[in-house]
């Protein structure tokens with residue numbers, strides 16, 4: 001066990017031996033860097049921090065996760081995590097103040113520690129119960145949220161907030177003339193059109209084509225009309241240090257106040273891991289990557305714990321950047337490592353060029369990525385099984401109306417519930433035997449399935465009964481208690497209960513002291 005933990009806790013470059021094209025990985029990293037720059041700035045604002053903190057998150061959280069992880073998942077700034085950080089710390093200090101930043105750092109360290117405890121407890125297994133329908137529903141819901149978020153910059157609605165998406169769509173449709181910036185809309189539509197045309201003729205580079213089309217359209221608009229007339233929002237200049245080392249300020253006063261942050265830390269830790277592991281599960285199903293889920297949990301926890309030491313805040317896996325990464329053919333952590341380096345290089349050396357990048361062009365690109373995450377064929381596929389369709393639709397609708405965090409919780413709850421219902425159903429078959437009836441039990445005998453067995457016992461009351469457990473995968477204590485109770489009842493009425501068991505089941509029954517109460521026959 002110790003050896004396994006050490007292997008998961010140390011960087012593994014086994015992926016470097018896999019056949020692949022490093023040029024594809026590096027190019028995917030470049031695309032990821034272009035996508036994450038505006039996101040990092042936006043998510044830093046959501047977290048109540050200066051914009052450079054979002055860029056540091058895009059660099060160092062992504063880098064640490066890729067170095068310590070085993071997949072091509074793109075980690076870094078995350079919408080839900082950033083919003084929860086702001087909600088947790090804002091009541092404790094003024095937005096963006098030094099004290100506020102101290103509390104954010106302390107909160108992020110707590111998130112990382114909780115995730116590391118989750119790793120030690122092998123908590124990744126919980127997410128193995130997520131059904132493919134739930135994963136597809138989360139991915140589609142995240143894509144929908146990305147599309148709705150992209151409308152803000154594409155239509156220049158930066159100051160426009162609503163509770164539900166349909167409110168936004170209604171207000172936009174009813175008052176488009178006063179709300180929508182036609183120049184931003186033109187740039188966004190040009191970006192989208194460039195992306196889809198680029199995909200038709202050059203599928204590998206369509207995102208770069210989309211960004212380039214939007215950038216050139218923005219330059220043309222800026223050349224014809226002055227900025228006060230267009231009111232276009234540009235990426236702008238951002239100060240960035242190459243190595244922003246810092247030591248979080250931790251003292252007794254902060255620790256006492258930080259007790260209020262514990263519920264938020266637990267929530268952020270769980271939501272962040274849930275999103276990351278859903279992404280990793282999807283990569284594991286759709287690609288041939290050799291992914292260790294426990295190693296991914298460790299990588300995420302360590303990245304979030306170390307983030308404050310690099311002037312950053314906690315992050316998680318990114319649906320849109322990972323999807324773009326996957327569409328370009330990246331299959332190793334090298335793409336994430338390259339993305340972290342390219343963010344630093346782009347901001348440092350291409351600052352003057354990126355300064356004039358229209359935010360509408362970035363939003364148009366995100367629109368394309370979000371649309372790609374909604375696979376309409378999934379609805380037709382899951383419609384063949386009602387339970388799977390219900391999980392998919394419930395997850396998707398929950399995310400649409402209540403956000404990604406609620407949707408992930410709904411997906412986990414429904415997946416586990418359906419799993420429990422399925423394994424609690426026993427396959428029972430009654431056959432005549434030499435000394436009465438033989439009841440063959442196939443499935444798992446535990447507290448949730450004992451009720452099914454009770455009904456069958458009562459339907460054959462007044463007869464000797466032999467229960468064949470050779471096809472029973474699991475027996476828990478409640479099932480043993482049931483057999484003891486039924487054996488006593490049948491003996492009192494002059495009948496006999498016999499269990500046909502294997503060696504493993506006999507050891508378990510003897511451990512519970514049930515061998516003296518039951519008549520056992522080894523198979």
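Counted over the chain, the DSSP beta bridges are approximately 40% antiparallel.
Using only Cα atoms, figure out Rg for region 317-465 and give it as a multiple of 2.2 N^0.38 Å.
1.82
Under 13 Å from a label point set 7 Å out along the Cα-to-Cβ vector of residue 523, the amide N atoms of region 449-481 belong to 467-475. Computed extension gain for residue 9 through residue 492, at 0.36 nm per residue and net of the alpha carbon distance, reaches 167.9 nm.
Using Cα centres only, tell me the gap between region 117-150 and region 169-189 in whole Å. Measuring centre to centre over Cα atoms gives 32 Å.
Short-range pairs are left out: with C-alpha atoms under 8 Å and at least six residues apart, the relative contact order of region 427-522 is 26 percent.
Over region 252-310, what per residue volume does the convex hull of the Cα atoms give, in whole Å³?
Numbers: hull volume 5.2 nm³, N = 59.
In region 252-310, the Cα convex hull volume per residue is 89 Å³.
Each Cα pair under 8 Å and six or more residues apart adds its sequence gap; the mean of these over the residue count of the chain is a relative contact order of 25 percent. If a/c stays under 1.5 just call it rounded; otherwise compare a/b with b/c (prolate if a/b is bigger, oblate if not). Do that for region 1-131, with a ≥ b ≥ c from the square roots of the Cα gyration tensor eigenvalues. Oblate.
Mean projection of the alpha-carbon convex hull of region 287-361 over all orientations, in nm²?
Averaged projected hull area, Cα only: 6.6 nm².
Shape class for region 1-67: oblate, because the ratio a/c of the largest to smallest gyration tensor axis (alpha-carbon atoms, square roots of eigenvalues) is 1.5 or more and b/c is at least a/b.
Quarter the surface of the alpha carbon convex hull of the chain and you get the mean projected area, 30.8 square nanometres. Rounded to whole Å, give me the distance from the Cα center of region 60-104 to that of region 403-467. One Cα centre to the other: 45 Å.
Given their separation in residues at 0.36 nm each and the Cα-Cα distance between them, residue 406 and residue 502 gain 30.1 nm when the chain is fully extended. As a proxy for reagent exposure, ranking 362, 256 by other Cβ atoms within 10 Å from fewest up yields 256, 362. Working note: 222 nm ellipticity from helices only, DSSP H runs with n ≥ 4, each -39,500 (n - 2.57), summed and divided by the residues of the chain, gives -20000 deg cm²/dmol to the nearest 500.
Extension gain, residue 425-residue 481: 0.36 nm per intervening residue step, less the Cα-Cα distance, totals 18.3 nm.
Cα centroids of region 480-523 and region 9-50: 58 Å apart.
Once you sort the root eigenvalues of the Cα gyration tensor of region 427-522 as a ≥ b ≥ c, which label holds: rounded (a/c under 1.5), prolate (a/b larger than b/c) or oblate (the other case)? Taking the square roots of the gyration eigenvalues as a ≥ b ≥ c, region 427-522 is rounded. In degrees, nearest 10, range 0 to 90: what is the angle between the Cα axis of helix 79-89 and the longest Cα principal axis of the chain? Its long axis makes an angle of about 90 degrees.
Coordinate-derived values only; no laboratory data. Predicted model only: the values in this text are computed from it and were never measured. We place every Cβ from the backbone using ideal geometry, glycine too, and count neighbours over all the protein chains shown.
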